[in-house]
Amino acid sequence: MTKKLRSPLLLGILSLLFLLSACSPSQDESTAKRIIRIGHNQSQNHPTHIGMLEFESFIEDNLGDKYDIQLFPSELLGTQTNMVQLTQTGAIEITVASNSILETFNDQFEIFNLPYLFDSQEAYRAAMDDPEIVGEIFEGTRESGFVTKAWLDAGIRNFYVTDKMIEEPSDLQGLKIRVQQSPTNVRMMQLLGGSATPMGFGDVYTAIQSGVIDGAENNELALTENGHGDVVNYYSYTMHQMIPDEVIVNVAFLDSLDEEEEAIFEEAFQIMQDTQHASWKEKVEVAKETAQDKMGVTFNYPEIKPFKDAVLPLHEETLERNPTLKPVYQAIQQKVDEINKQMEGENEE
Ligand code: GCU
């Protein structure tokens, strides 16, 4: 349905939103409520949408006389890059954007796109929950018109291809692999020996199906929720990245809230995040079973070290090119060590 909706209708929606942005904030004349538009690129069954529904209920229960939350899933408002731009201008208020995409808007986001930055999901989650680590990055885009109010789990990224199990980096040689539109991801693929093909998420299914690319890399939900499991045969746990999705919000909208409304919205963002995280944990397990049992995808677990060795130079390269990332990189390393120690302690008990 989404794919059919893109093109003429999408253009229509975008032009409408650009027109609306000229007279923002948008108001429903019949009810005098302010409309808050939220765009994302996932289906209505995805944890992200489930988090959004909780956000909508909470705001409408508490501020329903003033605000009308409208959700636009499935790239209805365009690709993530389009939606970030719409959020910057205030044409829409809220967007979910992969951290990958955001590095082209502010280079501080590069840090979370580094491959093998985290050893475990525990360390990744602890780092993302730590205001000392994420605080400045989330606030640092204020002048560009948006800030990050929540982070959503997008699991672990792994390779999946049509006709080859990836066992070692050399298996990627000569394969055209879709990556997100971010310089870090393109460089990562170069280091792994594959041929990086950047494109928006919504185009990946057709690109694999038509043979334009050999595969992609993403979490397990891409196989089920986005149907990629219908067009690939192998999913290989290289576990190369844990890249969060960021919930970005237009600054002018946030500044227009009074103190009481601001507190309610803050609570709603936390509820959205907590709901998404809980739903993620449940759905990712089911997705794996579904992909294996119903879609016929074969899963394999290659040795991680050769992949890690191939891409680790990217850490040094990035820190040399962008030394402002050094303090946060060190803070993340400390967090990873701390969590590793905690986990070792728990295992010994
Ligand atoms: C994940 C992530 C999305 C992102 C997508 C992609 O699904 O949650 O935000 O757009 O990966 O690879 O583009």
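The values are calculated or read from the model by the stated rules, or taken from the named source; none is laboratory data. Predicted, not measured: the structure shown is a model, and the values here were computed from it. As a convention, Cβ positions derive from the backbone with ideal geometry for all residues, glycine included, and neighbour counts pool all protein chains shown. The protein model used for the area step is the full one, side chains on, heavy atoms only, and it has no ligands, DNA or RNA in it. Shrake-Rupley method; radii C 1.70, N 1.55, O 1.52, S 1.80 Å.
I'd like to verify a number: residues in the stretch 167-182 that are within 15 Å of the ligand (Cβ to nearest atom) and in contact (Cβ under 8 Å) with a residue 40 or more places away in the chain, how many? Quick ask: steps written out before the conclusion?
Start the filter on the stretch 167-182 by keeping residues that are within 15 Å of the ligand (Cβ to nearest atom), which leaves 177-182.
From what's left, in contact (Cβ under 8 Å) with a residue 40 or more places away in the chain: 177, 180-182.
The total comes to 4.
Which is among the β-branched types (Val, Ile, Thr), in contact (Cβ under 8 Å) with a residue 60 or more places away in the chain and away from the ligand (no atom under 13 Å from the Cβ), of 87, 79? Just a single option satisfies the conditions, and that option is 87.
State whether the residues of the stretch 138-156 include one that is outside any loop (DSSP other than H, G, I, E, B), touching a strand residue (DSSP E or B) at 6+ places or on another chain (Cβ under 9 Å) and closer than 21 Å to residue 313 by Cα. Even if it seems obvious, please write down each step before you answer.
Filtering the stretch 138-156 for residues outside any loop (DSSP other than H, G, I, E, B) gives 138-139, 142-144, 146-152.
Cutting the leftovers down to touching a strand residue (DSSP E or B) at 6+ places or on another chain (Cβ under 9 Å) gives us 138-139, 146-152.
Cutting the leftovers down to closer than 21 Å to residue 313 by Cα gives us none.
Checked the stretch 138-156: no residue is outside any loop (DSSP other than H, G, I, E, B), touching a strand residue (DSSP E or B) at 6+ places or on another chain (Cβ under 9 Å) and closer than 21 Å to residue 313 by Cα.
Looking at 292, 330, which one is surrounded by 12 or more Cβ atoms within 10 Å (Cβ to Cβ) and not in a loop (DSSP other than H, G, I, E, B)?
Working: 330 fails: surrounded by 12 or more Cβ atoms within 10 Å (Cβ to Cβ).
One residue alone meets the criteria, 292.
Condition check ((1) in contact (Cβ under 8 Å) with a residue 60 or more places away in the chain; (2) farther than 30 Å from residue 42 by Cα) across all residues:
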{"residue": "292", "(1), (2)": "no, no"}
{"residue": "302", "(1), (2)": "yes, no"}
{"residue": "335", "(1), (2)": "yes, yes"}
{"residue": "339", "(1), (2)": "yes, yes"}
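With the condition kept exactly as written, say whether any residue in the stretch 55-70 is closer than 24 Å to residue 181 by Cβ, out of contact with any helix residue (DSSP H, G or I) (no Cβ under 6 Å at 6 or more places or on another chain), surrounded by fewer than 20 Cβ atoms within 10 Å (Cβ to Cβ) and acidic (Asp, Glu). Looking for residues that are closer than 24 Å to residue 181 by Cβ, out of contact with any helix residue (DSSP H, G or I) (no Cβ under 6 Å at 6 or more places or on another chain), surrounded by fewer than 20 Cβ atoms within 10 Å (Cβ to Cβ) and acidic (Asp, Glu), one finds none in the stretch 55-70, hence no. Determine whether residue 250 is open to solvent by 70 Å² or more (accessible area, probe 1.4 Å) and on the phi < 0 side of the Ramachandran plot. In short, no. Of all residues in the stretch 110-164, those satisfying the criterion of being out of contact with any helix residue (DSSP H, G or I) (no Cβ under 6 Å at 6 or more places or on another chain), within 30 Å of residue 344 (Cβ to Cβ) and polar (S, T, N, Q) are 120, 121, 158.
Contact map, the stretch 203-229: residues that are under 13 Å from residue 161 (Cα atoms) paired with residues that are among the basic types (Lys, Arg) and outside any helix (DSSP H, G or I), Cβ distance under 6 Å, separation 6+ or inter-chain. Pairs shown: 204/178; 213/176; 213/178; 214/176; 216/178; 217/157; 218/157.
Can you pull out the residues in the stretch 27-48 that are open to solvent by less than 10 Å² (accessible area, probe 1.4 Å) and under 30 Å from residue 220 (Cβ atoms)?
Restricting attention to the stretch 27-48, the residues satisfying the condition of being open to solvent by less than 10 Å² (accessible area, probe 1.4 Å) are 36, 38-40, 46-48.
38, 39, 40, 46, 47, 48 - these are the residues of the stretch 27-48 that are open to solvent by less than 10 Å² (accessible area, probe 1.4 Å) and under 30 Å from residue 220 (Cβ atoms).
Scoring residue 140 on the criteria (1) over 23 Å from residue 284 (Cα atoms); (2) more than 16 Å from the chain's Cα centre (by Cα); (3) within 16 Å of the ligand (Cβ to nearest atom) leaves a single failure, condition (3). Considering only residues of the stretch 24-58 that are in contact with a strand residue (DSSP E or B) (Cβ under 6 Å, 6 or more places away or on another chain) and closer than 30 Å to residue 287 by Cα, which is farthest from the ligand (Cβ to nearest atom)? Looking at the filtered set, the residue picked out is 56. Out of the residues in the stretch 96-115 that are more than 10 Å from the ligand (Cβ to nearest atom), touching a residue at least 60 places away in the same chain (Cβ under 8 Å) and polar (S, T, N, Q), state the one that is nearest to residue 36 (Cα to Cα). Once the filter is applied, the top-ranked residue is 104. Residue 119 meets each of the listed conditions (1) assigned to a helix (DSSP H, G or I); (2) surrounded by fewer than 19 Cβ atoms within 10 Å (Cβ to Cβ); (3) not aliphatic (A, V, I, L, M) apart from (1). When every residue of the stretch 87-106 is checked against the conditions, none turns out to be open to solvent by less than 10 Å² (accessible area, probe 1.4 Å), in contact with a Leu (Cβ under 9 Å, 6 or more places away or on another chain), closer than 21 Å to residue 235 by Cα and among the small types (Gly, Ala, Ser).
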